Amino acid sequence: MLRPKIPTNPLPTGIVTPLVIEPTVIEQRPQQIPATPSVPVPIAPAPAPSRPTVQLTPGALLTVIGGGTAVVLVVGAVLVSMLLAVAVTAASVAICALVIRSLMASNNHR
């Protein structure tokens, strides 16, 4: 019932070109011995970096510090508010559980 159907490959459609492999000829050249230079070549100095270096002015440094402080304060406020929301939710659930427990207990006594 659940057998996979294997597709059958019918005759190829379109133009079929035969694959012809031709042998290649490899020519061997005589090895040449490289000449050693008799004069020492001076070593070039290292090139200067192509990108400019970042220079912070006092005003830019104060801006970076102020921006970082603002980010830390905003992230801290968000985390504290989330913690407060979880605490308030937990307290309200606990109060609801106590009220429901009290109602159930008073129902049993009456």
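Bear in mind that the values in this text are calculations on the coordinates, not laboratory data. Remember, predicted model here, so these are calculated numbers, not experimental data. Glycine gets a Cβ as well: all are built from the backbone with ideal geometry, and neighbour counts include every protein chain shown.
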Residue by residue through the range 26-31, which ³J(HN,Hα) values in whole Hz follow from phi under the Karplus form 6.51 cos²θ - 1.76 cosθ + 1.60 (θ = phi - 60°), with glycine and proline marked x? 9, 9, 9, 9, x, 6
For the range 54-67, what does the Karplus curve 6.51 cos²θ - 1.76 cosθ + 1.60, with θ = phi - 60°, yield as ³J(HN,Hα) per residue in whole Hz, taken in order and with x for Gly and Pro? 7, 10, 9, 7, x, x, 5, 5, 5, 5, 5, 5, x, x
Assuming 0.36 nm per residue, please report the length gained on full extension of the stretch Leu56 to Leu19 beyond their Cα-Cα distance. 6.7 nm
Tell me, what is the FRET efficiency for Met104 and Ala77 to the nearest 0.05, using R0 = 35 angstrom and their Cβ-Cβ distance as r? 0.30
